[in-house]
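The values are calculated or read from the model by the stated rules, or taken from the named source; none is laboratory data. Model, not experiment: these values are computed from the prediction. Backbone-built Cβ (ideal geometry, glycine too); neighbour counts: all protein chains shown.
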Amino acid sequence: MREQHRESLAEVSGAVEIDERSLAQIEAGRERPEEEILMLLISHYNMQDQEAVQLWELAGYDGGGSARPEDILQDSMAQGKPVVVLFGLDARTMYSDSVQIDSGSGGITMKFGQLNSKKQQQHIAKVGMSYEQAEEVLRQLQSAVLYGRHDQKPKQLPPSTSD
């Protein structure tokens, strides 16, 4: 995948926050990626479901003590069990160079993007909110931009001159 996307080891290892040596070992098949790293790689390459399942299986997560997420969901739904889906949150700061904002009856959705190594726009985050929350975000954003641009430090009076 890395070579198909014409990315260097450094670019991909930086994107998924592992060292280059570990990524090289994973690519060579000498090291099995942790599930978290595998999920980050799937996300980084914006893989379609079928591709992601193939990669998941290639990494050896197709049974043998570790069920695939879609199998767990399908089995639970077939048995009429309540399904709880947990998403791992990525606490890294993602820097965006574009945003697309859509509005609907329930609120707005912001899709943040970033140019990838092939100079193509790639979605990195999607955030939805009510109109009320969007108005509050707008107020806070305006305030942050104002103070950030003008570096608001308390102004001091000039020293007094005694005559």
Original post:
Considering Tyr147, Tyr131, which residue is surrounded by 10 or more Cβ atoms within 10 Å (Cβ to Cβ), at pLDDT 65 or above, over 24 Å from the mean Cα position of the chain (by Cα) and more than 29 Å from Leu40 (Cα to Cα)?
Top reply: Tyr147
Original post:
Can you tell me which of Phe112, Phe87 is under 30 Å from Glu135 (Cα atoms), aromatic (Phe, Trp, Tyr) and modelled with pLDDT of 80 or more?
Top reply: Phe112
**OP:** Give me the pairs, please: first residue somewhere in the range 101-130 and over 30 Å from Ser8 (Cβ atoms) and of a type in the set (S, T, N, Q), second residue anywhere and exposed (fewer than 13 other Cβ atoms within 10 Å of the Cβ) and modelled with pLDDT of 80 or more, beta-carbon distance under 6 Å, and either six or more positions apart or on two chains.
**Re:** Thr109/Asp102
